[in-house]
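The values are calculated or read from the model by the stated rules, or taken from the named source; none is laboratory data. As the structure is a computational prediction, the values presented were derived from the model and not from experiment. Neighbour counts run over all protein chains shown; Cβ positions are idealised from the backbone, glycine included. With ligands, DNA and RNA removed, areas are computed over all heavy atoms of the protein, side chains included. Shrake-Rupley method; radii C 1.70, N 1.55, O 1.52, S 1.80 Å.
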Number of protein chains: 2
Amino acid sequence: MPRTSPARDRLLATAAQIFYREGIHAVGVDRLVTEAGVTRATFYKHFPSKDDLVRAYVELEDAALRRLFADGAAQADDPSELLGVVIDGVALDVEHHHTRGCPFINAAAEFPDPEHPVRVAVRAHRDWFEATLVGAAEAAGVDDPAGVGRSLVLLRDAALVGSYLDGPAVAVPSFRSTARRLAGLGS
Amino acid sequence: MPRTSPARDRLLATAAQIFYREGIHAVGVDRLVTEAGVTRATFYKHFPSKDDLVRAYVELEDAALRRLFADGAAQADDPSELLGVVIDGVALDVEHHHTRGCPFINAAAEFPDPEHPVRVAVRAHRDWFEATLVGAAEAAGVDDPAGVGRSLVLLRDAALVGSYLDGPAVAVPSFRSTARRLAGLGS
DNA sequence: ACACGATCAGAATGATCGTTCTACCTTCAG
DNA sequence: CTGAAGGTAGAACGATCATTCTGATCGTGT
């Protein structure tokens, strides 16, 4: 059971797409293995249960967002511009990539138990995201960086959900203007 | 098949609680009927399928919120105070009643097809809510009432989701201060 | 008294769920 | 040469899924 392998990678990547687009409890193991071109035996060689695959999916999404954020931070030389870069990045991501809502919120909706590994992974992601935004707000030198960071977390949630349910055309501009005003940036 | 009956009411009320607390695809018909003290035959007498019960659940939640809002509006004599009453009402609801997130967002997470009756019901609710908030913003005489109304929709989403995933202690004050500033009210 | 409509009781449908199993094939290191 | 490791193929497990069925029981209005 190697940590990585072509079959495992293919399975996880396929599962990530299907879970995000169609939900988690709604798709069965049969669907996942046939779509990924993998055998059931191979599935259970790499993941002890379906829940472990779900947790791996959430952690994959978390890793992708951390990478995206690191890339964005690297391209903002002036720390006072960092918040603006983050806001633009979220807007872009919401419009073109995450059009089916927030993968973490959607996953949490299907797992009521806060102690479930999936929920633990969601909480880890949110803790990182809040800490990162508070750090960016501090670097930008705004008043009450903790409050601004928290509010930006809420606003990203709202942007992802609103874009899914009301369409990006109405949700994204609203997110953008509210977030920029909060960050002390001119619109 | 009467529009209402003790058995039907009991079934719908029970289903609403269980769907909200545990999700929709995760709970089966067996669970619903035993918990409600109703027979499978009675279930299918009143609802052609489980999906119809889910739609009824979403519509029930919508009706409850419209009633809550109407009550709140009635107790605000001065229209300039209406937005503040709404914000307080949302904060109270999020803290004490809707502690498992937004029923509409959670339901939408489990139904990817935008044409599905459940999604149609969700959209109807959100359209009503936005129109109502824009109306309240107009009555309060704020600048750009459409923008303020939209933003308040986003903020309620964020408050419900944030309260579920991060806890009300951190999400509610953040919602409150952001919303009040947006509505042009002193904090 | 009677019939009807609502509900109860419980078995049965076929499909799909997550999981386990046996059996065979390939690759590569000892 | 051998044998472990990673994979494929496909059957099989019991459990649960949503849905349908037969048949009896109760209450109410006529």
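What to note about this one:
- Quick note on the protein assembly as shown: its Rg to Rh ratio, both from C-alpha atoms and Rh being the Kirkwood radius, is 0.99.
- With DNA, RNA and ligands ignored, accessible area of residue A:4 (1.4 Å probe; Å², nearest 10): 90
- For segment B:83-130, the alpha-carbon coordinates run over 35, 22, 10 Å along the three principal axes, in decreasing order.
- Segment A:46-187, relative contact order in percent, only Cα pairs under 8 angstrom and at least six apart counted: 28
- Equivalent-ellipsoid semi-axes of segment A:1-47, from the Cα gyration tensor, Å, largest first: 18, 11, 9
- When the helices of chain B are scored as -39500 (n - 2.57) per DSSP H run of n ≥ 4 and the total is divided over every residue, the value at 222 nm lands at -25000 deg cm²/dmol.
- For residue A:45, the point set 7 Å out from Cα toward Cβ sits 5.5 nm from its twins in the other copies, listed from shortest up.
- Within 10 Å of the Cβ of each residue in A:148-154, the mean number of Cβ atoms contributed by other protein chains is 6.
- Semi-axes of the equivalent ellipsoid for chain B, computed as √(5λ) from the eigenvalues of its C-alpha gyration tensor and ordered from largest down, come to 34, 17, 15 Å.
- FRET efficiency estimate (nearest 0.05) - Cβ-Cβ, residue B:3 to residue A:120, R0 35 angstrom: 0.20
- For segment B:37-187, the solvent-accessible area of protein heavy atoms averages 42 Å² per residue (probe radius 1.4 Å; ligands and nucleic acids excluded).
- In degrees, nearest ten, helix A:82-96 long axis to first principal axis of chain A (Cα): 40
- Rounded to 10°, Cα long-axis angle of helix B:145-166 versus longest principal axis of chain B: 60
- Chains B and A together bury roughly 2800 Å² of accessible area, counting both sides, with a 1.4 Å probe on protein heavy atoms only.
- For residue A:114, the label point sits 7 Å beyond Cα toward Cβ; its separations from the matching points on the remaining copies run 3.5 nm, from shortest to longest.
- Separation of alpha-carbon centers, segment B:167-183 and segment A:78-132, rounded to whole Å: 19
- Of the peptides B:6-19, A:148-161, the order by per-residue mean of other Cβ atoms within 10 Å, starting with the highest, comes out as A:148-161, B:6-19.
- Accessible heavy-atom area order of B:45, A:50, highest first, probe of 1.4 Å: B:45, A:50
- Helix A:117-140 axis versus longest C-alpha principal axis of chain A: approximately 20°, rounded to the nearest ten.
- Label 7 Å beyond Cα on the Cβ vector: residue B:173 copy-to-copy distances, nm: 3.5
- Along the axis of the charge dipole computed for segment B:49-182 (Cβ charges of +1 for Lys and Arg, -1 for Asp and Glu, origin at the Cα centre), the listed residues B:109, B:54, B:149 are led at the positive end by B:109.
- The residue A:51 and residue A:95 beta-carbon pair, evaluated with R₀ = 45 Å, returns a calculated FRET efficiency of approximately 0.90.
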